[in-house]
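Undergrad: Sharing a structure below in structure tokens format, with a few things to ask.
Values in this text are rule-based calculations from the coordinates and carry no lab data. Since we're looking at a predicted model, the values are computed, not measured. All Cβ positions, glycine included, derive from the backbone under ideal geometry; neighbour counts span all protein chains shown.
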Amino acid sequence: MYKYLLSLLLLFGELFFSSSAAAQKASVTEKNEPFKTYPFSDPNPIPVLGINKKVAPFYPYFVFDGYADKGTSKDWKVVTLENPFITLTVLPEVGGKVLGAVEKATNNEFVYYNHVMKFRAIGIRGPWTSGGIEHNFGLDLGHAPWAAAAVDYVLKNNDDGSVSCIVGGLDLASRSEWRVEIRLPKDKAYFETNALWYNPTPLHHAYLSWENAAFKAADDLQFYFPGN
């Protein structure tokens, strides 16, 4: 009888721990989703050489001059990273930005999720839309030339159980390469952005790197910044 009870306890314990381990897992998927979109158009075929009598730091990029006043439904590629605690989404066709992040227990968006793609002339090349976390690298001092453009991306299931969406591309102005790994652990209520940039040329470049993050403003909003 004792051996029988011990066997049952061992079996129960094995099933419990295996089910707990299975419950704590991360996944990464991709699909097309519709968003109300205010598109941009009218690309100027001539690259910008200067602005206000100053040399433009982003040649050979051109700008877009047309912006829609009415929104229409458009499908966008959406990458979703999810674990038992949070869900975050990435837009490979809009600069590889983190579109938003949700804490699942409360359904609170802890990174501002803009459910409308309203492009306006704010970025270096013109079109830019608010929300999420965007990745900026290169010589320019504003929203990067790819802020509203498709970038390269790859999805990974890592050996430690985490998942990643790696976005990146080539900055034509500096001939340098950039990439950002957006990584979600399997058992944590946070995600990481790990940046890498590489200069394959023999020339030195002044360089800018910054993540532009959006958070919905509220009366009880508090912002903590490490350092002194």
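Undergrad: Enter the angle in degrees (range 0 to 90, nearest 10) between the Cα long axis of helix 2-23 and the first principal axis of the Cα atoms of the chain, meaning the one along which they spread out most.
TA: 10 degrees
Undergrad: With springs connecting C-alpha atoms under 10 Å apart, model the chain as a Gaussian network and identify which of PRO84, PRO127, PRO200 has the largest mean-square fluctuation.
TA: PRO200
Undergrad: Something else: Please report the relative contact order for region 40-127, taking Cα pairs under 8 Å with a sequence separation of at least 6, and give it as a percent rounded to a whole number.
TA: That works out to 23 percent.
Undergrad: Over the Cα atoms, compute the radius of gyration (one decimal) and Dmax (the largest Cα-Cα distance, rounded to a whole number) for region 25-212, in Å.
TA: Over region 25-212's Cα set, Rg and Dmax evaluate to 17.3, 55 Å.
Undergrad: Please state the relative contact order of the chain as a whole percent: Cα pairs under 8 Å, 6+ residues apart?
TA: Relative contact order comes out at 18 percent.
Undergrad: Tally Lys and Arg at +1 and Asp and Glu at -1 over the other residues with C-beta under 12 Å from the C-beta of TRP197: what net charge comes out?
TA: For residues surrounding TRP197, the net value is 0.
Undergrad: If the elastic network links every pair of Cα atoms under 10 Å, which of ASN136, ASN212, ASN32 fluctuates the most in the Gaussian network model of the chain?
TA: ASN32
Undergrad: Using helices alone, what [θ] at 222 nm do you get for the chain, with -39,500 (n - 2.57) per DSSP H run of 4 or more residues, divided over all residues and rounded to the nearest 500?
TA: My calculation for the chain gives -3500 deg cm²/dmol from helical runs alone.
Undergrad: Provide the net charge surrounding PRO185, with neighbours chosen by a C-beta distance below 14 Å and charges set as Lys +1, Arg +1, Asp -1, Glu -1.
TA: Cβ neighbours under 14 Å give a net charge of -1.
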